[in-house]
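Colleague: The following block contains the structure, expressed as structure tokens.
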Amino acid sequence: MGVGTPEITPSFSSFRTERKGVLRSERSSMPTLKRQLGDLGEEIAANYLKKLGYQILDRNYRKKCGELDIVTRFKKDIVFAEVKSQREGTKFFPAQNVTYFKQQRLIRAARSWLLENKIPPEGQWQIDMIVVKLNSDSGASEIEHIKNAVWAGA
């Protein structure tokens, strides 16, 4: 599904950062281009989910056991969304970064979030993946939403 409408795609002006001529000491405090890309992808994914009727419950939940990018409720289900961002034209597929060990960390983080919020882990929940492909020249984005991307087992 291609999504590049203004209400979903934030401005790319913050994404295009010129780092030439910046002192090394100043660079260390600047977010890396990779982090900026990830943040922008998460923002686009959150707007996309809201537009589809998902209620955002939490963002960037971090514990020792793992991290969750976006936590939502859709109808009666809790949906944890792992967001992967890439610039258009990259031959690497971001979904390949979700290894078995990353999946286990996502499952542990999801169960931790459920327990912390007093929601039984036996209830209806799933882990989706949202891949956001960004074109920094045009400002357009393309979103691929993979539902139940990580199987949590019983």
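Colleague: Spelling out what I want: for every residue of segment 135-140, take phi, set θ = phi - 60°, compute 6.51 cos²θ - 1.76 cosθ + 1.60 (Karplus), and round to whole Hz; glycine and proline get x.
Modeller: Going residue by residue, I get 10, 5, 6, 8, x, 7 Hz, with x marking Gly and Pro.
Colleague: Let me ask something additional. Just to confirm a number: summing +1 for Lys and Arg and -1 for Asp and Glu over residues other than G123 whose beta-carbon lies under 9 angstrom from that of G123, what do you get?
Modeller: Once all neighbours under 9 Å are counted, the net charge is -1.
Colleague: Now for a different question. Please sort by residue number the trypsin sites (Lys or Arg not before Pro) in segment 58-154 whose DSSP state is loop and whose Cβ has at most 16 other Cβ atoms within 10 Å.
Modeller: When the trypsin sites (Lys or Arg not before Pro) of segment 58-154 are filtered for loop state and at most 16 Cβ neighbours within 10 Å, K64, K75, K76, K91, K118 remain.
Colleague: Just need log10 I(q)/I(0) for segment 31-86 at q = 0.20, 0.21, 0.23 Å⁻¹, Debye formula, equal scatterers on the alpha-carbon atoms, no solvent, rounded to two decimals.
Modeller: Log-scaled intensity ratios, in q order: -0.73, -0.79, -0.91.
Colleague: In addition: Just list whichever of K34/K118; K118/K147; K34/K102; K64/K118; K102/K133 have alpha carbons separated by over 26 Å in the model shown.
Modeller: Over 26 Å Cα-Cα: K34/K118.
Colleague: A further question follows. Using DSSP to define loop residues, name the GluC sites (Glu not before Pro) in segment 48-154 whose beta-carbon has at most 12 other beta-carbon atoms within 10 Å.
Modeller: Here the sparse-neighbourhood loop sites are E122.
Colleague: Mind giving me the FRET efficiency for E88 and L115? R0 is 41 Å, r the Cβ-Cβ distance, nearest 0.05 is fine.
Modeller: 0.60
Colleague: Loop-only check: which chymotrypsin sites (Phe, Trp or Tyr not before Pro) in segment 45-154 are DSSP coil with at most 12 other Cβ within 10 angstrom?
Modeller: F92, W151
Colleague: If you don't mind, another one. Pulled fully out, how much extra length does the chain show between K64 and R35, if you take 0.36 nm times their separation in residues and subtract their Cα-Cα distance?
Modeller: Full extension of this stretch gives 8.5 nm more.
Colleague: For segment 27-154, what percent of Cα pairs sit more than 24 Å apart?
Modeller: Here the long-distance tail beyond 24 Å is 28 percent of all Cα pairs in segment 27-154.
Colleague: Right, next: For segment 40-84 and segment 90-152, what is the separation of their C-alpha centers, rounded to whole Å?
Modeller: Centre-to-centre distance over Cα atoms comes out at 8 Å.
Colleague: For Y100 and Q55 in one chain, what is 0.36 nm times their gap in residues minus the Cα-Cα distance, to one decimal in nm?
Modeller: Roughly 13.4 nm would be gained on extension.
Colleague: If I model a spin label as a point 7 Å beyond the Cα along the Cα-Cβ vector, how far apart are those points for Q124 and K76 in nm?
Modeller: 0.5 nm
Where a number appears in this text, it was derived from the coordinates with a stated rule and is not lab data. Bear in mind that the values here come from a model prediction, so they are computed numbers and not experimental data. Here Cβ is always computed from backbone atoms with ideal geometry, including for glycine, and neighbour counts include all displayed protein chains.
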